[in-house]
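Structure first, commentary second.
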Amino acid sequence: MAGSAATLDGTAAGARPRRRQNYARRYWWFVVPCGAVVLGTIIFPWVFTVYMSMHDFKLGGAREWVGSANYVKLVSDERFLLSIMRTLYFTGLSVVIPMVLGLLAALAFARKFPLRGLARTIFILPMMATPVAVALVWTMMFHPQLGVLNWLLQQVGLPPSMWVYSPETVIPTLVMVEVWHWTPLVMLILLGGLASLPIDPYEAAKIDGATPWQAFWHITLPLLAPFLVVALIIRTIDALKAFDTIYVITQGGPGTASETINIFLYLQAFAYYNLGYASAVVVVFFAIIILLAMVLLWTRARVKDA
Amino acid sequence: MTHGFTRRTALLAGAGVLAAPPLVRQANAQSQFDWKRFSGERIEVSLTANPRSQILIQNQREFEDMTGIRVGAEAIPEQQHRQKFAIEFATGRPSFDVVGISLHVNKRQVGKARWCTDIKALMADPTITAPDFDFADFGEGAVAYSTQADGRMDTLPEFTDYFILYYNKELLAAKNIAPPATFDDMYESARRLTDTSRQIYGNVGRGLRNANVVLYSSFLLGTQQRDFLDGQRRLISDTPDAIWAGEYYKKLLRDCSPPGVSGFNWNESQTTFMQGRAAFWLDGVGFAAPLEDRTRSRVAGKVGYAVVPRGPAHHHCAMFGTAFGIAEQSRKKGASWMYLQWASGKANQLRYLTSGAGSPARTSAYRNEEAISQSRFSREFFNTLIESARISRPGLPEIVPVTEFRDTLGSALTNTIGGADVATELRRATEAFRPVLEQSERES
């Protein structure tokens with residue numbers, strides 16, 4: 001069995017030890033299929049998008065090299081700049097409110113009470129609905145004269161609202177839809193986190209006379225932090241890429257009052273067919289997302305270290 | 001020598017009998033049009049989802065039986081369809097042979113890129129054009145709409161949409177008000193009819209960006225200027241006439257329309273009108289069918305129809321149109337041309353008219369008294385259509401970036417409903433869009 005031994009340790013009996021084999025060099029072609037897929041579906045589209053962003057390219061028209069002109073135009077395009085502000089406003093509200101409500105719901109559902117399973121199921125139902133269908137139903141409910149929401153407000157003596165039909169209330173109203181739709185997801189993530197927390201620290205705190213608030217603030221919240229960061233990252237990504245709900249309900253209106261960067265990008269690419277300019281928007285949007293992702297990952301690393 | 005009935009004679013006679021039917025068919029083909037000429041082929045048809053496409057798809061079997069051509073038809077929502085066919089055309093290999101096109105949006109784009117074939121050559125070929133095709137039956141306006149600036153006719157007219165005035169007879173009768181003849185009358189009546197305590201409004205209409213431009217253009221058409229472009233195709237959307245139309249739009253939607261109208265497209269307007277909450281609604285002719293649907297509409301049987309009121313200088317109504325084109329890359333142009341003849345044929349055009357799906361591009365449909373008398377729509381409706389056809393003008397400028405134009409001007413108009421100054425908004429929108437148009441015109 002000397003041969004087997006030589007194979008196992010990589011040396012022949014009595015021979016000088018050989019250099020370790022470089023398997024990466026020998027089997028590099030194993031990664032070729034995967035590399036080709038990555039190249040074709042991720043790298044090439046990105047390189048092509050950057051290339052297109054440097055052209056004046058309209059569908060059905062000629063393509064002309066313009067260098068950085070599209071980026072220069074973006075900097076002075078008031079509509080684009082306002083769309084970034086709206087995106088941040090919408091994203092901020094659509095992340096913070098579901099996080100707070102999701103945490104409260106998770107704390108409530110972590111306790112034992114009658115029909116808890118049924119209540120949880122009902123709570124997560126909105127998350128299962130198709131966004132476009134949800135948006136269409138909300139659109140009907142928002143109708144200022146005929147919608148059920150204003151009827152309900154009037155039943156309790158409140159004045160009717162313009163909901164998505166007024167520039168002042170359109171984004172808070174869209175956030176309301178987003179909160180209704182996605183708070184259950186945050187709740188589910190945090191509920192999973194709460195279920196995994198150890199009991200010992202709570203028992204020790206109880207013996208030391210800690211109040212429920214102190215237990216929550218000094219034990220639950222720090223231990224739940226990694227889960228909160230995960231929920232925060234998922235919600236931020238979801239809110240940043242929100243398109244279908246906004247497009248179906250308002251198409252960016254009234255005027256441009258709810259035109260987020262995704263709606264602006266969609267219009268440039270698929271309504272005005274300014275593919276070069278739209279590509280520049282994609283590149284800038286990508287840079288913004290990378291920046292935000294880095295901040296979130298840095299936060300996550302800090303939480304882990306702590 | 002006897003010449004009896006030999007075996008050779010029998011074979012010759014048999015061959016003659018067998019050959020007779022094809023010979024007769026061939027002889028008939030020379031004297032009569034052969035709808036089966038492209039039998040066995042399959043064509044793909046891409047349409048916008050609307051009641052007219054529904055009629056075509058429902059009756060498609062009739063075409064397939066008549067021609068032996070199989071049809072794969074799809075009908076997808078308007079916005080998505082416009083993008084889909086433009087992107088498919090741009091790839092150079094569209095998946096369809098026949099496409100339905102909104103001329104008021106895509107005419108110049110399709111013409112500039114030469115995506116559709118010139119149908120004049122097909123129309124001139126008697127072997128593939130039915131003798132009863134009757135091109136002269138198409139209205140002049142519809143033919144002009146389908147013809148590009150260079151004279152190419154790359155689509156066959158299907159439907160001509162006119163803006164008309166819908167009014168609630170009951171609401172008008174309650175206040176003893178007659179249908180308005182002028183824009184001033186319309187505003188005064190709308191103000192009188194508005195009763196906010198009962199949530200009844202004198203008017204409802206499009207306030208949403210982009211969609212609202214077609215309502216605004218209905219007012220602009222009544223001015224001396226009438227158009228968005230001057231003779232040199234320069235943008236003139238900030239002139240005194242344009243501002244007058246803007247002021248009228250603002251006061252009608254601000255003073256006499258429901259709160260939140262700045263976010264209303266046609267569907268919200270339709271819902272409001274159907275529920276009996278608005279007295280006037282200026283919009284496309286195709287909405288007559290849902291308004292008269294007793295299962296959905298509270299105003300069915302109470303809807304009045306009238307032409308758009310007269311403006312301070314002219315009397316016009318905005319016209320929009322759709323047509324069918326054959327993809328330049330299609331290898332089944334013959335079969336596709338057969339489909340176009342059937343789709344825009346007299347029978348389907350009459351179906352459009354009598355079902356309320358829209359106003360046909362052929363004039364013969366309007367002259368069919370028997371069909372009209374059996375229709376569920378009133379004589380007033382048909383008279384309005386005929387009169388609208390007489391006073392119609394294109395409601396949007398024939399430019400490539402028409403969607404961008406509608407968005408830019410539409411945002412300005414929406415802002416005016418919120419109280420913004422009309423002149424300032426129109427000037428800003430004009431300044432923003434002018435370079436886009438100039439670049440587009442240079443490239444054209």
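For segment B:132-157, the set of residues classified as under 27 Å from B:LEU220 (Cα atoms) and either outside the structural domain of B:ALA357 (by TED's automatic domain parsing) or part of a helix (DSSP H, G or I) (or both) consists of B:GLU140, B:GLY141, B:ALA142, B:VAL143, B:ALA144, B:TYR145, B:SER146, listed by residue number. Among the residues of this structure, B:SER297 counts as one that is assigned by TED's automatic domain parsing to the domain that holds B:LEU193, more than 18 Å from B:SER217 (Cα to Cα) and either of a type outside the set (Asp, Glu) or assigned to a loop (DSSP other than H, G, I, E, B) (or both). Taken together, the residues in segment A:139-190 that are under 23 Å from the mean Cα position of the chain (by Cα) and of a type outside the set (A, V, I, L, M) amount to 8.
Are any residues in segment B:161-176 more than 19 Å from B:GLY222 (Cβ to Cβ) and touching a residue at least 24 places away in the same chain (Cβ under 8 Å), and if so, which ones? Residues satisfying the conditions are B:ASN168, B:LYS169, B:GLU170, B:LEU171, B:LEU172. When B:ALA245, B:ALA278 are checked against the criterion of being buried (at least 24 other Cβ atoms within 10 Å of the Cβ), of a type in the set (A, V, I, L, M) and within 14 Å of chain A (Cβ to nearest Cβ), B:ALA278 stands alone in meeting it. Screening segment B:349-444 for helices (runs of 4 or more DSSP H) wholly inside it with 3 or more residues that are more than 14 Å from chain A (Cβ to nearest Cβ) and among the polar types (S, T, N, Q) returns the ranges B:379-391. Looking across segment B:359-391, the residues that are closer than 24 Å to B:SER146 by Cβ and in contact (Cβ under 8 Å) with a residue 40 or more places away in the chain come down to B:SER359, B:PRO360, B:ALA361, B:ARG362, B:THR363, B:SER364, B:THR384, B:LEU385, B:GLU387, B:SER388, B:ALA389, B:ILE391. Within segment B:300-320, the residues that satisfy the criterion of being part of a strand (DSSP E or B), among the small types (Gly, Ala, Ser) and farther than 19 Å from B:TYR216 by Cβ are B:GLY304, B:ALA306. Tallying residues that are of a type in the set (A, V, I, L, M, F, W, C), within 15 Å of B:SER46 (Cα to Cα) and more than 12 Å from every other protein chain (Cβ to nearest Cβ) within segment B:68-102 yields 8. Go through segment B:386-395 and give me each residue that's of a type outside the set (Gly, Ala, Ser) and crowded, with 20+ Cβ neighbours inside 10 Å. Once the filter is applied, which keeps residues that are of a type outside the set (Gly, Ala, Ser) and crowded, with 20+ Cβ neighbours inside 10 Å, segment B:386-395 yields only B:PRO394.
If you go through segment B:173-199 and pick out every residue that is touching a Gly at 6+ places or on another chain (Cβ under 9 Å), within 25 Å of B:SER392 (Cβ to Cβ) and part of a helix (DSSP H, G or I), you end up with 5. Checked against (1) within 14 Å of another protein chain (Cβ to nearest Cβ); (2) crowded, with 24+ Cβ neighbours inside 10 Å; (3) of a type in the set (A, V, I, L, M, F, W, C), B:ALA343 passes all but condition (1). Listed by first and then second residue, the pairs with beta-carbon distance under 8 Å, at least 6 apart or on different chains, first residue in segment A:150-172 and within 13 Å of chain B (Cβ to nearest Cβ), second in a loop (DSSP other than H, G, I, E, B) and of a type in the set (Asp, Glu), are A:MET162/A:GLU168.
Within the set B:VAL285, B:VAL303, B:VAL204, B:VAL214, the sole residue that is of a type in the set (Val, Ile, Thr) and within 14 Å of another protein chain (Cβ to nearest Cβ) turns out to be B:VAL204.
Taking segment B:248-269 as the range and being surrounded by fewer than 21 Cβ atoms within 10 Å (Cβ to Cβ) and modelled with pLDDT under 95 as the test, the residues that pass are B:PRO259, B:ASN265, B:TRP266, B:ASN267. A single entry from B:VAL99, B:VAL105 fulfils the requirement of being closer than 24 Å to B:GLY72 by Cβ, in contact (Cβ under 8 Å) with a residue 60 or more places away in the chain and not in a loop (DSSP other than H, G, I, E, B): B:VAL99. So which residues in segment B:54-110 are over 16 Å from B:TYR339 (Cβ atoms) and touching a Cys at 6+ places or on another chain (Cβ under 8 Å), if there are any at all? Result: B:VAL110, single match. Scan segment A:173-197 for residues that are touching a residue at least 24 places away in the same chain (Cβ under 8 Å) and exposed (fewer than 15 other Cβ atoms within 10 Å of the Cβ) and the total you get is 2.
Looking across B:VAL204, B:VAL213, one residue alone is of a type in the set (A, V, I, L, M), more than 21 Å from the chain's Cα centre (by Cα) and either crowded, with 24+ Cβ neighbours inside 10 Å or at pLDDT 95 or above (or both). It is B:VAL204.
The condition (being modelled with pLDDT under 95 and either farther than 24 Å from B:ALA113 by Cα or within 14 Å of chain B (Cβ to nearest Cβ) (or both)) is satisfied by just one residue among A:PHE285, A:PHE264: A:PHE285.
The values are calculated or read from the model by the stated rules, or taken from the named source; none is laboratory data. The shown structure was predicted, so the numbers you read here are calculated from the model rather than taken from an experiment. Heads up, the Cβs are rebuilt from the backbone with ideal geometry, glycines too, and the neighbour counts pull from every protein chain shown.
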